[in-house]
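The values are calculated or read from the model by the stated rules, or taken from the named source; none is laboratory data. Since we're looking at a predicted model, the values are computed, not measured. As a convention, Cβ positions derive from the backbone with ideal geometry for all residues, glycine included, and neighbour counts pool all protein chains shown. Only protein heavy atoms, including side chains, enter the accessible area calculation; ligands, DNA and RNA are left aside. Shrake-Rupley method; radii C 1.70, N 1.55, O 1.52, S 1.80 Å.
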There are 2 protein chains.
Amino acid sequence: MTGFSFFSKEIMKFRSILILKVLVGLLLFEVGCTSPQSNSIAEVVVASDPLPSWNESSTKQQIIDFVTSTTTTGSPDFVPEADRIAVFDNDGTLWAEQPMYFQLIYAVDFIKKEASKHPDWQTQEPFKSVLSGDLSAVMKGGEKALLEMLMVSHAGMTTEEFGKSVNSWLQTATHPKTGKAYSQMIYQPMLELLEYLRANGYKTFIVSGGGIDFLRVFAEKVYGIPPYQVIGSSIKAKYDVVEGQPIITKLPEINFIDDKEGKPIAIHLHIGKRPVFAAGNSDGDYAMLEYTSKGDGPRFGMIIHHTDSLREYAYDRDSPIGRLEKGLDNAPMFNWSIVDMKTDWKVIFPFD
Amino acid sequence: MTGFSFFSKEIMKFRSILILKVLVGLLLFEVGCTSPQSNSIAEVVVASDPLPSWNESSTKQQIIDFVTSTTTTGSPDFVPEADRIAVFDNDGTLWAEQPMYFQLIYAVDFIKKEASKHPDWQTQEPFKSVLSGDLSAVMKGGEKALLEMLMVSHAGMTTEEFGKSVNSWLQTATHPKTGKAYSQMIYQPMLELLEYLRANGYKTFIVSGGGIDFLRVFAEKVYGIPPYQVIGSSIKAKYDVVEGQPIITKLPEINFIDDKEGKPIAIHLHIGKRPVFAAGNSDGDYAMLEYTSKGDGPRFGMIIHHTDSLREYAYDRDSPIGRLEKGLDNAPMFNWSIVDMKTDWKVIFPFD
């Protein structure tokens, strides 16, 4: 049993408790009105609220109206099942991204773990600053420093070795603010949205600036999204047969950056259809949202707005991570739904 | 209604006729033996023969045994549905590739069609030879000539324009030997195999050296394989917004060649799981078959051997197109099934 199967069970447990709460509420109501449908409460719950962690706001209603109208036969907005493509950014949209992208925290932790094998890192930047914990000095190294950190922690190993290393990190590392495992820093309302879309014939894809191999370690278990529906940034790779065994080795060279204008290009390359539904949270998702919204017929664009400094983080226009400016300014023009995390979501993370 | 929906209907018709033939055979048999199951012949047909265009050979039995053992709960070879990934080469595996890759014929036809707009092509190679019909002179230009032909016919236009152009070509162009539309030069036994695998929870993917955008024009309608399960070679692309409309333009620069060692790398990038089943026909598929076969647990490798000079083409070790040498030599070592088109297949193309 992996840490993840434990985690999946915990999510199930959480959901059961949630459904139980709603059931109790309904039962109390039932006592007073002796409805003839009292035998099928469970079905009523499922049918009436596919998004239990969302408050009864206009955002929630917009989602339900869209899914209903695009999946009801005979509706003028009906979308055939083959075209029901929904794309989701990951960092800041499906899981948190503060105080730093989690993949970057993985790189930092990897460098610390491997430091004893690389004595030169003690004197060589950006590793020296990483090891002394001076992340502001690391950041001063700019893109070059980041790239060097990513390359030592992501390349020069087989895809299997990389997957094992990330998996082991996910099972032990914890978030500095909440103390949760990073794989529990996912947004419960978004998990419900993914499930709701899939239950209505939508295929859900991740289209992330994060690394494709990194994402795939947890996407299937945590989000129910199989690896072939995960798109991300990538480095080059090579194929060899060593002692009769085929291996794929990750090379220290950028293959594709799946951010900004890269997102529609990656969608075209990996999916080959324009999405009907897109969700993001930063200006890195702007082109993806624009590409989605400008298609013919019904389209849904969603921006997750980080407004909850207490339960999560509050940031937008001035944040170096997840900067959101153009998206906020132009949302009305595209009719994008802005999700206000503070008021739209009852719960942020599972188990909260 | 597109030409393809007409085509799909024709395939349906063809299948109905095929099932009818089998039914008539069974009925004649029934008359003589008055079996008690005579009320459920249709079900018997479906259950007993998922591959009606395959002769009753050991190859067919190997396929059925593999699918049965990997999908039967409790079987030691059981493969969970999430891992049932099947990959297929396209040229020479799902459709014909002689006398020349069909995509190259498309490029030739495109150059002829557009020639009036490019007077310089009359004197400039390789276009001059293409226009005069001297394909052996074109071939002498080697890779550079081929690349130039592909770039003028595949780049410098939007993805939508390219799709429309290929679609229109597929509806009018015909194969020089058979007179069939190219989209009818597909192998009926392989269509049945694709359907049989999908009916048993397998996800079917194309992993082709051919162009990804070219393949996607017909893969969904002809093979039932959606665009996000089509992997192929690609050229680079850029995203722009022109007069408020997002467009993706194909650029004259190679992005990825999905052939030989490129195939396992593309499988890792697009699918992210090692396949359980792989089918190819040339040494360009060797690495994909090797990568598949060397995984843990049950694996199926299939090589389509072109042995039927009468109904299709006969070629292997010495063919410049679809050369198959290493695959034939090492098939026993990997336990790959060699499909002998002449003896294993009752029918080659639909409608034959």
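Of the residues B:Gly74, A:Phe334, A:Pro176, the one whose Cα sits farthest toward the positive end of the charge dipole of the protein assembly as shown, with +1 on the Cβ of Lys and Arg and -1 on the Cβ of Asp and Glu, is B:Gly74.
Expressed as a whole percent, the accessible area of the range A:134-187 that falls on carbon and sulfur atoms is 56 (1.4 Å probe).
Close amide H pairs (under 5 Å, H built 1.01 Å from N) link A:Glu97 with A:Gly92, residues at least 5 positions away or on another chain. The relative contact order of the range B:192-282 comes to 23 percent, based on Cα pairs under 8 Å that sit 6 or more residues apart. When all protein chains stay in place and ligands, DNA and RNA are ignored, the 1.4 Å accessible-area order of A:Lys180, A:Lys144, largest first, is A:Lys144, A:Lys180. Once you have a ≥ b ≥ c as the square roots of the Cα gyration tensor eigenvalues for the range B:268-343, tell me rounded if a/c is under 1.5, and otherwise prolate or oblate according to whether a/b is larger than b/c. It is prolate, given that a/c is not under 1.5 and a/b is the larger ratio. Considering only chain A, the C-beta nearest to the rotation axis that sends A to B is found at A:His270, 3, the distance in whole Å. About its Cα centre, the range B:142-252 has a charge dipole of approximately 220 debye under the convention of +1 per Lys or Arg Cβ and -1 per Asp or Glu Cβ, with nothing else charged.
Rounded to the nearest 20 debye, the dipole magnitude of the range A:272-314 is 240 debye, with +1 charges on Lys and Arg beta carbons, -1 on Asp and Glu beta carbons, and the Cα centre as origin.
Only bridges whose two residues both fall in the range A:209-352 count here: according to DSSP, what percent of them are antiparallel, nearest 5? Once the DSSP bridges in the range A:209-352 are tallied, antiparallel ones form about 55 percent.
Computed with a 1.4 Å probe over protein heavy atoms only, the accessible area of A:Ser309 comes to about 80 Å². Between the helical axis of A:58-71 and the longest alpha-carbon principal axis of chain A there is an angle of about 80 degrees. Here the simple spin-label model places points 7 Å from the Cα toward Cβ, and for B:Ala82 and B:Met333 these points are separated by 3.4 nm. Inter-copy label distances at B:Phe351, shortest first and taken from points set 7 Å along Cα to Cβ: 6.1 nm.
Where both bridge residues fall in the protein assembly as shown, DSSP classifies roughly 45% of the beta bridges as antiparallel. Accessible-area loss of 20 Å² or more (1.4 Å probe, protein heavy atoms, chain alone versus all protein chains) is found in the range B:291-325 for B:Tyr291, B:Lys294.
Here is the interface size for A with B: some 3200 Å² of accessible area buried, both sides summed, with a 1.4 Å probe.
GNM on chain B, alpha-carbon springs under 10 angstrom: the most fluctuating residue among B:Gly142, B:Gly327, B:Gly284 is B:Gly142. Across the options B:Gly156, B:Ile267, B:Gly141, the greatest Cα extent toward the positive end of the charge dipole of chain B (unit charges at beta carbon of Lys, Arg, Asp, Glu) belongs to B:Gly156. The C-alpha atoms of chain A define a longest principal axis, and helix A:3-33 lies at about 20 degrees to it. Only protein atoms count toward the accessible area here, which uses a 1.4 Å probe; on the range A:239-352, the carbon and sulfur part of that area reaches 50 percent.
Burial annotation for the range A:247-268: residues with an accessible-area loss of at least 40 Å² between the isolated chain and the complete set of protein chains, computed on heavy atoms with a 1.4 Å probe, are A:Ile248, A:Ile265, A:His268.
Computing FRET efficiency as 1/(1 + (r/R0)^6) for B:Asp134 and B:Val241, where r is the C-beta to C-beta distance and R0 is 45 Å, gives about 0.55.
For chain A, the solvent-accessible area of protein heavy atoms averages 44 Å² per residue (probe radius 1.4 Å; ligands and nucleic acids excluded). Each Lys and Arg Cβ is given +1 and each Asp and Glu Cβ -1; about its Cα centre, chain A then shows a dipole of about 480 debye. Counting every pair of alpha carbons in chain B, the share spaced more than 38 Å apart comes to 20 percent. Peptide A:270-282 has a mean of 3 when you count, residue by residue, the C-beta atoms of other protein chains within 10 Å of its C-beta. Residues A:Met333, B:Met185, A:Met157, sorted by accessible area with the largest first, give A:Met333, A:Met157, B:Met185 [1.4 Å probe; ligands and nucleic acids excluded]. For B:Phe88, A:Phe351, the ranking by accessible surface with the largest value first comes to A:Phe351, B:Phe88, using a 1.4 Å probe.
What do you get for the angle between helix A:159-172 and the principal long axis of chain A? Use alpha-carbon atoms, 0 to 90 degrees, nearest ten. Value to nearest ten degrees: 70. The local environment of A:Gly284, defined by Cβ-Cβ distances under 11 Å, has a net charge of -4 under the rule Lys, Arg +1 and Asp, Glu -1. Per residue of B:218-229, other chain Cβ atoms within 10 Å of the residue Cβ number 3 on average. Sorted from closest to farthest, the other copies place their B:Glu195 label points 3.6 nm away, with each point set 7 Å from Cα along Cα→Cβ. Compared with the direct C-alpha span, the chain from B:Arg198 to B:Ile64 gains 46.9 nm at full extension, assuming 0.36 nm per residue.
Model label points for A:Glu114 and B:Ser309, set 7 angstrom from Cα along the Cα-to-Cβ axis, are 5.7 nm apart.
If you count the DSSP beta bridges with both ends in chain B, what percent of them are antiparallel, to the nearest 5? About 45 percent, rounded to the nearest 5.
Ascending distances from the A:Lys294 label point to its copies in the other chains, with the point 7 Å along the Cα-to-beta-carbon line: 4.5 nm. Amide hydrogen proximity for B:Ile304: with H placed 1.01 Å from N in the peptide plane, the residues at 5 or more positions away or on another chain lying under 5 Å are B:Gly280, B:Asn281, B:Val339.
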